[in-house]
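Here's the structure, in structure tokens; my notes come after.
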Amino acid sequence: MKNWWYYHKWYVISGIVLLAILCDVVGNALGLWHKAPDFQIAYIGKAALPQDTVSALEQSFAAAGWDFNGDGEVSVNQYISGNHSNDAEIAYYEYASELTLVGDISDCESYFFLMDDPE
């Protein structure tokens with residue numbers, strides 16, 4: 001055994017490292033390492049909500065619903081759009097926010113949608 005270990009230890013160590021990397025990649029692809037909140041709320045508006053409003057929303061939804069996985073976590077995703085600014089950086093941010101919203105809708109991630117202006 002000592003002779004075998006002397007000649008093969010680097011292969012064994014490399015195999016263990018590669019197996020750990022493979023487990024991490026597969027776990028991330030399947031979403032095993034991500035905590036899932038009990039409720040996800042999407043806010044769509046022209047300006048971001050203040051932090052105290054976000055905290056109040058999270059607390060009220062956490063109190064009103066079931067705690068499915070024992071962490072009591074509720075997340076509020078904010079999508080800011082509708083300003084249509086001429087500034088390129090702000091327009092890029094709005095476009096990215098709209099694309100993220102489309103992804104949220106197509107993946108059915110958020111359970112509730114709160115809008116600044118329902119029209």
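Where a number appears in this text, it was derived from the coordinates with a stated rule and is not lab data. Computed from a prediction, not measured in an experiment: that's the story for all the values here. Cβ coordinates were reconstructed from backbone atoms using ideal geometry, including for glycine residues, and neighbour counts include every protein chain displayed.
Taking θ as phi - 60° and the Karplus parameters 6.51, -1.76 and 1.60, the scalar couplings of the stretch 15-22 work out to x, 5, 5, 5, 5, 5, 5, 4 Hz in sequence order, x denoting glycine and proline. Structural descriptor for the stretch 39-115: relative contact order 48 percent, calculated from alpha carbon pairs under 8 angstrom and at least 6 residues apart. Using the empirical formula 2.2 N^0.38 Å as the baseline, the Cα radius of gyration of the stretch 1-112 reaches a ratio of 1.70. In straight Cα distance, which lysines are under 30 Å from K46, not counting same-chain residues fewer than 8 positions off? Counting by Cα, and skipping residues close in sequence, K46 has these lysines nearby: K35. Under a model in which nothing but the beta-carbon of Lys, Arg (+1) and Asp, Glu (-1) is charged, the chain shows a dipole of about 1080 debye around its Cα centre. Measure nothing fancy, just the Cα-based angle from helix 88-107's long axis to the longest principal axis of the chain, in degrees from 0 to 90, nearest 10. Roughly 70 degrees between the two axes. Helical runs assigned H by DSSP (4 residues or longer) give the chain a calculated mean residue ellipticity at 222 nm of -18500 deg cm²/dmol, each run adding -39500 (n - 2.57) before division by the residue total.
Using the Cα gyration tensor of the stretch 2-50, with a ≥ b ≥ c the square roots of its eigenvalues, what is the shape: rounded (a/c below 1.5), prolate (a/b larger than b/c) or oblate (neither)?
Numbers: a/c = 6.23, a/b = 4.50, b/c = 1.38.
Prolate is the answer for the stretch 2-50, as a/c is 1.5 or above and a/b outweighs b/c.
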